[in-house]
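The values are calculated or read from the model by the stated rules, or taken from the named source; none is laboratory data. Nothing here was measured: the structure is a model prediction, and the numbers come from that model. Note that each Cβ is placed from the backbone with ideal geometry, even for glycine, and that neighbours are counted across all protein chains shown. Only protein heavy atoms, including side chains, enter the accessible area calculation; ligands, DNA and RNA are left aside. Shrake-Rupley method; radii C 1.70, N 1.55, O 1.52, S 1.80 Å.
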Amino acid sequence: MEKRKICIIGGGASGLMAAIMAAREGGEVTLLEHNEKTGRKLLATGNGRCNLTNIHQEPSCYHSLSGTLAWEILQGFSLQDTICFFSQIGVYTKNREGYLYPASMQASSVQELLEMEARYRKVKIKCREHVKEIRQEEQGFRVLTETWSYPADKVILAAGSRASSIQGADGSGYELAQALGHRIISPLPALVPLKGKGNWFSKWAGVRTEGRVSLLAEGQIFDQAQGEIQMTDYGVSGIPVFQVSGRAVRLIGEGVKVTLLLDFLPDFDEAGLTAFLKNRQDQCPYKSVKQLLIGLLPQKLAEVLMMGNPDISQLAHKIKEFPVEIRGNKSYDQAQVCSGGVPLEEIDPKTMESRKAPGLYLAGEILDADGICGGYNLQWAWTTGALAGKSAASDGVQKGEEEFSC
């Protein structure tokens, strides 16, 4: 029986996973990557350490305008399936408070082992191939690049998004999907630093401190996150800012006023903090209000909090709810992922096959789903890539739960 020809566009995390799974199912797989090597963005994840996934998985870790569809998709190739897969190809994982990394703590080892498995499965990897068109034909597809033409029975589009400073992260996959009938929800940067309104940010630039970030819009709190906040000369950054940034950027795009409320001492409530500061003053009556902050908060942050010469009660309120009105975000180059893309309603959640162009499958960031920091976006890549690869090679036939068991 002649093998099914499968062409995969994109050699990132989801593309490599799709290639391996399709080849394991007996497909004749060609993977097209427009960089000089596969997994370029993967190599940069987790500051070069590659946070593969996270033990803690729940629906709130993933954002999409399609509601719970993202979570439904993620059940098709789970956290345990992911751990089993990487164990099979030689990646021993290390658990750091729920964050799973390769034991080597090197993203390069993950990329290398994925590519080794793909080549062992006879995947043809073609780098420096930029896809210009996916052409539907009477019997399948033809994928046209700048230099060649690839016939295919099935196509998997795993071309990623515009996020990242990696060369080639140009969002060209959106145009390919749109040309085949898909709607595109406007892609916007997510997991990205945010710019604030004001001319005083240089005063606190360089400060890092633990705290809580609350996203305030239209009189309500839309999101919250806690961790190390980084103060910058343009606004704020750090993981808790990243966690709320996707929703903040989209709200701003809709014309909504967005403010971040920064809580620099989340262990206190405001009344308790006021009492604490007054007690410090009672114990050391020679100290000014500003001097009460010595040893409590970084000096440069204290300078900003003391703008306007607040009294103790006012200072406690500022420490608990310091407002930063957001005027925008840093560029796609500084974003880890994008929100937006192909709506999840336009794909089959069990197989990742397009409902607009049968025989086309979609995986990874090109879809409208983005995770919070901590390995969740890679889990989305592994899941959608695995489902697309298996389904493209086997028409989505389910073989049972034992398929991914270790």
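Taking the options 100, 65, 42, name whichever one is under 13 Å from residue 375 (Cβ atoms) and modelled with pLDDT under 95. Step through it out loud before you land on a result.
Working: 100 fails: modelled with pLDDT under 95; 65 fails: under 13 Å from residue 375 (Cβ atoms).
Matching residue, one of 100, 65, 42: 42.
Name the residues in the range 268-287 that are in a loop (DSSP other than H, G, I, E, B) and either within 18 Å of residue 321 (Cα to Cα) or open to solvent by less than 50 Å² (accessible area, probe 1.4 Å) (or both), would you?
Once the filter is applied, which keeps residues that are in a loop (DSSP other than H, G, I, E, B) and either within 18 Å of residue 321 (Cα to Cα) or open to solvent by less than 50 Å² (accessible area, probe 1.4 Å) (or both), the range 268-287 yields 268, 269, 284.
Going through 374, 341, 295, 308 one at a time, which residue ends up being buried (at least 24 other Cβ atoms within 10 Å of the Cβ), out of contact with any Lys or Arg (no Cβ under 6 Å at 6 or more places or on another chain) and not in a helix (DSSP H, G or I)?
One residue alone meets the criteria, 341.
So for the range 92-114 (the condition being in contact (Cβ under 8 Å) with a residue 40 or more places away in the chain, touching a Phe, Trp or Tyr at 6+ places or on another chain (Cβ under 6 Å) and either within 24 Å of residue 36 (Cα to Cα) or open to solvent by less than 60 Å² (accessible area, probe 1.4 Å) (or both)), does at least one residue qualify?
Scanning the range 92-114 turns up no residue that is in contact (Cβ under 8 Å) with a residue 40 or more places away in the chain, touching a Phe, Trp or Tyr at 6+ places or on another chain (Cβ under 6 Å) and either within 24 Å of residue 36 (Cα to Cα) or open to solvent by less than 60 Å² (accessible area, probe 1.4 Å) (or both).
Kindly establish whether residue 301 is in a helix (DSSP H, G or I), at pLDDT 95 or above and within 20 Å of the chain's Cα centre (by Cα).
no
When you look at residue 324, is it open to solvent by less than 10 Å² (accessible area, probe 1.4 Å), more than 21 Å from residue 373 (Cα to Cα) and not in a helix (DSSP H, G or I), yes or no?
Values: open to solvent by less than 10 Å² (accessible area, probe 1.4 Å): yes; more than 21 Å from residue 373 (Cα to Cα): yes; not in a helix (DSSP H, G or I): yes.
Yes, satisfied.
Note down all Cβ pairs under 9 Å where the first residue falls in the range 144-162 and is more than 30 Å from residue 336 (Cα to Cα), the second is among the small types (Gly, Ala, Ser), and they're at least six residues apart or on different chains.
These pairs meet every condition: 151/140; 152/140; 152/359; 153/27; 153/140; 153/359; 153/392.
Show me the helices (runs of 4 or more DSSP H) found entirely inside the range 61-123 where at least 1 residues are under 17 Å from the mean Cα position of the chain (by Cα) and among the small types (Gly, Ala, Ser).
69-74, 107-120
Test residue 147 against the criterion of being open to solvent by 10 Å² or more (accessible area, probe 1.4 Å), hydroxyl-bearing (Ser, Thr, Tyr) and assigned to a loop (DSSP other than H, G, I, E, B), and give yes or no.
It is true that residue 147 is open to solvent by 10 Å² or more (accessible area, probe 1.4 Å), hydroxyl-bearing (Ser, Thr, Tyr) and assigned to a loop (DSSP other than H, G, I, E, B).
With 23, 19, 13, 44 as the choices, which residue is closer than 17 Å to residue 114 by Cα, hydrophobic (A, V, I, L, M, F, W, C) and surrounded by fewer than 22 Cβ atoms within 10 Å (Cβ to Cβ)?
44
For the range 163-267, give me every one of the strands (runs of 3 or more DSSP E) that falls completely inside it and has 1 or more residues that are over 30 Å from residue 357 (Cβ atoms) and open to solvent by less than 20 Å² (accessible area, probe 1.4 Å).
194-196, 208-217, 220-231, 235-237, 258-263
Kindly establish whether residue 142 is of a type outside the set (A, V, I, L, M), open to solvent by 20 Å² or more (accessible area, probe 1.4 Å), outside any loop (DSSP other than H, G, I, E, B) and touching a Phe, Trp or Tyr at 6+ places or on another chain (Cβ under 8 Å).
For residue 142, the condition - of a type outside the set (A, V, I, L, M), open to solvent by 20 Å² or more (accessible area, probe 1.4 Å), outside any loop (DSSP other than H, G, I, E, B) and touching a Phe, Trp or Tyr at 6+ places or on another chain (Cβ under 8 Å) - is met.
With 214, 172, 202, 237 as the choices, which residue is under 30 Å from residue 142 (Cβ atoms) and not hydrophobic (A, V, I, L, M, F, W, C)?
Working: 214 fails: under 30 Å from residue 142 (Cβ atoms); 202 fails: under 30 Å from residue 142 (Cβ atoms); 237 fails: under 30 Å from residue 142 (Cβ atoms).
172 is the lone residue from the list that is under 30 Å from residue 142 (Cβ atoms) and not hydrophobic (A, V, I, L, M, F, W, C).
Looking at the range 206-231, which of its residues are hydrophobic (A, V, I, L, M, F, W, C) and farther than 17 Å from residue 306 by Cβ?
Listed by number, the residues that qualify are 213, 215, 216, 217, 221, 222, 225, 229.
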